[in-house]
Amino acid sequence: VCLSCGVKAGYGNRYCSNCGATHDPNAVVCLKCGCKVKGTDASECVDSFVGAIKTCFNKYATFEGRANRSEYWYWYLFNLLTCFLAWIPVLGWLISLAILVPTLAVGVRRLHDTGRSGWNLLFGLIPLVGWIIVIIFLVEKSNENANEYGPNPNA
């Protein structure tokens with residue numbers, strides 16, 4: 001049990017994913033939110049906003065592997081928030097260029113999580129209906145088991 005926030009946790013040598021405080025040295029998962037504690041920092045959880053952003057920047061141009069839904073959609077939220085900076089001419093262009101590659105990479109990894117090739121992102125180029133097809137692919141549930149792109153990131 002976390003002494004700071006009172007959240008019960010599983011086993012593993014980690015910190016509380018809810019508040020970042022030290023708790024049971026054998027904890028691996030927070031029982032309150034179910035978030036896996038992957039390291040010594042609560043923000044390493046890809047099921048959190050900050051953790052997903054860190055993961056996407058750490059895997060800046062990594063097109064292999066899988067990304068779960070929360071990682072992708074938290075990154076998408078980050079993209080929407082950065083769009084508000086686009087009204088500043090130079091800064092907006094620089095930010096857009098800086099996040100273009102990780103946006104494509106996390107999209108490809110998300111499609112891999114559903115068992116599809118990353119090339120399916122190109123359906124978005126089909127006028128009128130292409131982006132609908134891509135969104136349907138992106139919101140689909142992850143494959144439960146390992147697939148040709150790697151193990152299930154939710155496991």
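The values are calculated or read from the model by the stated rules, or taken from the named source; none is laboratory data. Remember, it's a predicted structure, so these values are computed and weren't measured experimentally. All Cβ positions, even for glycine, are placed from backbone atoms using ideal geometry, and neighbour counts span all protein chains on display. These accessible areas exclude ligands, DNA and RNA; they are computed on the full protein's heavy atoms, side chains included. Shrake-Rupley method; radii C 1.70, N 1.55, O 1.52, S 1.80 Å.
Just a few scattered comments:
- Residue selected from region 144-155 under the condition under 16 Å from the mean Cα position of the chain (by Cα) and among the polar types (S, T, N, Q), by the criterion least open to solvent (accessible area, probe 1.4 Å): ASN152
- Considering only residues in region 53-72 that are touching a residue at least 24 places away in the same chain (Cβ under 8 Å), part of a helix (DSSP H, G or I) and closer than 17 Å to ASN152 by Cβ, the one that is most open to solvent (accessible area, probe 1.4 Å) turns out to be ARG69.
- Just so you know, in region 116-134 the residues that are open to solvent by less than 70 Å² (accessible area, probe 1.4 Å) and either in contact with a Phe, Trp or Tyr (Cβ under 8 Å, 6 or more places away or on another chain) or in a helix (DSSP H, G or I) (or both) include one that is farthest from ARG66 (Cα to Cα), and it is GLY130.
- Search result, residues across region 105-132 that are among the aliphatic types (A, V, I, L, M) and in contact (Cβ under 8 Å) with a residue 24 or more places away in the chain: ALA105, VAL106, VAL108, LEU111
- Within region 75-114, the residues that satisfy the criterion of being among the hydroxyl-bearing types (Ser, Thr, Tyr) and either open to solvent by 70 Å² or more (accessible area, probe 1.4 Å) or in a helix (DSSP H, G or I) (or both) are TYR76, THR82, SER96, THR103.
- Any chance TYR11 is open to solvent by 70 Å² or more (accessible area, probe 1.4 Å), hydroxyl-bearing (Ser, Thr, Tyr) and modelled with pLDDT of 65 or more: no
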